[in-house]
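Report on the following structure.
Please treat every number below as a calculation from the coordinates, not as lab data. Because the structure is a prediction, the values reported are computed rather than measured. Here the Cβ positions follow ideal geometry from the backbone for every residue, glycine too, while neighbour counts run over all protein chains shown.
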Amino acid sequence: MDTNDDPDEDHLASYDIQLNIQESIEASKSVFYSERFAPLSDQNRKLVEAIKQGHILALQEYVKYKYALDEADEKGWFPLHEAVVQPIQQILEVVLDASYQTLWEFKTSDGETPLTLAVKAGLVENVRTLLEKGVWPNTKNDKGETPLLIGGDVFALADDGASVLFEAAGGGNPDCISLLLEYGGSGNVPNRAGHLPIHRAAYEGHYLALKYLIPVTSKNAIQKSGLTPVHSAADGQNVQCLQLLIENGFDVNALLADHISGSYDDERKTALYFAVSNNDIQCTEVLLAAGADPNLDPLNCLLVAVRANNHEIVRLLLSHGANVNCYFMHVNDTRFPSAIQYALNDEVMLRLLLNNGYQVEMCFECMHGNIFGNSFVWSEIEEEVLPGWTSCVIKDNPFCEFITVPWMKHLVGSVIRVLIDYMDYIPLCAKLKSALEVQREWPEIRQILENPCSLKHLCRLKIRRLMGLQRLCQPASMKKLSLPPTIQRYILFKEYDLYGQELKLP
């Protein structure tokens, strides 16, 4: 033999030999069972009984009679077949060592080999013993089933309740998903956390796997889980999966079940909240374009975006109807709407809120009286209670008290200077005046206070009040107005739109 022969040829030759042996065994079984099965000997009966009873010592004596191992009953079962379906591994080892190797692949009358029987019985150690002894793993029964196919239970569950399909969804292989579904895998089996395979695929961003799972997952199963795959895709920041779900009719305004929402400190409800809290501009834009309501969460999405200093998400939310004058509905002690307190250090963010209708007048309501000695009208708290507020929530902390605390007092000049650009009359209280007088912006502020507003500015404020926030914040509504573009821009405070100027927005 040439010493330079390819080692792969030896491997192929070995495989051919194994295949020929297998074919020879198959051919030998073509003989009618009625001809092959002679009456059983006493030694065979004793041997089989020892196997069934688990009597190892007796079995070791009986296997010395080799002929008893080569006898099959009316079902075509040899002693080896009996040994592979009982749970004692040592019993199988004794019989296997005493049997001729040709018996290792013999089939029963039903066409089952020792290995397929062990797999069907679920006896892992017996399967391992057979394979370690060299039993061919690719042998098939008469149904064409390999041991691997029999052992691959598509209905198996992990310790955490995850199905095989759930784990496959995490891997994202579409061929694997398709095969499992073909063999009876269900998309409606949740793990112990209540998550379905469709949730896993959406969260991991497996687009092709998700396409297979959408039509096989029932709406009822999703509803029982307490969350939708839209939530999962938004949480996982997977915009393509999100678009696919929207195209297939999933509701972008579906809410988390109470038990899931309550597991979050912020008690979030919507998929949009996940996108905003992740600072995910793309998913936020896709959800809003599909009709997501930005005002459904206990902690408004706008407050989350402002606090995260994300100008673009704030712009998107405001242009799609986010309530700029929202309050944190569970804990709030301010007289003025909540958003401004997160924007005091950022003029770009501050003007973004003010341009979109923030109620700046609320920042000047207090009980101190103005610098002219007049008291401000402060409506009763009971009249201001909003839906969702509890009796323990009080809104009594005015802006002047909030911004003049020692650690924020340095901001009062710059903030008040911005706020007065959006007012016709500035009811400055004595407390604010005292804090402003030591700020570098005070001379400019005082000059503005001493002079009347321009008629043009007063008209702008009047028009904005008449139009309302909903029309002002929607570009489509503004385009319908029969006003020159210059006037429209003036009404929208475009000269103060610092963020839009940075992006060169129209």
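Values for this structure:
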| quantity | calculated |
| --- | --- |
| Prolate/oblate/rounded call for the stretch 260-364, Cα gyration tensor, a/c under 1.5 rounded | oblate |
| Order by protection proxy (mean Cβ within 10 Å, highest first), peptides 346-359, 431-444, 223-236 | 223-236, 346-359, 431-444 |
| Largest to smallest principal axis extent of the C-alpha atoms in the stretch 24-151, angstrom | 36, 34, 20 |
| Cα gyration tensor, the stretch 199-283 - rounded (a/c under 1.5), prolate or oblate | oblate |
| FRET E, pair Y67, S263, Förster distance 51 Å, beta-carbon r, rounded to 0.05 | 0.15 |
| Whether the stretch 457-503 is rounded, prolate or oblate, judged on the alpha carbon gyration tensor where a/c under 1.5 counts as rounded | prolate |
| R128-A158 FRET efficiency (beta carbon distance; Förster radius 25 Å; 0.05 resolution) | 0.75 |
| The stretch 184-209 and the stretch 103-122: distance between their alpha carbon centers, rounded to Å | 35 Å |
| FRET efficiency for N397 and L483, using Cβ-Cβ distance with R0 set to 30 Å, rounded to 0.05 | 0.15 |
| Pairwise centroid distance, computed over Cα atoms, of the stretch 211-252 with the stretch 477-504, Å | 38 Å |
| Contour minus Cα-Cα distance for A430 and N295 (0.36 nm per residue) | 45.0 nm |
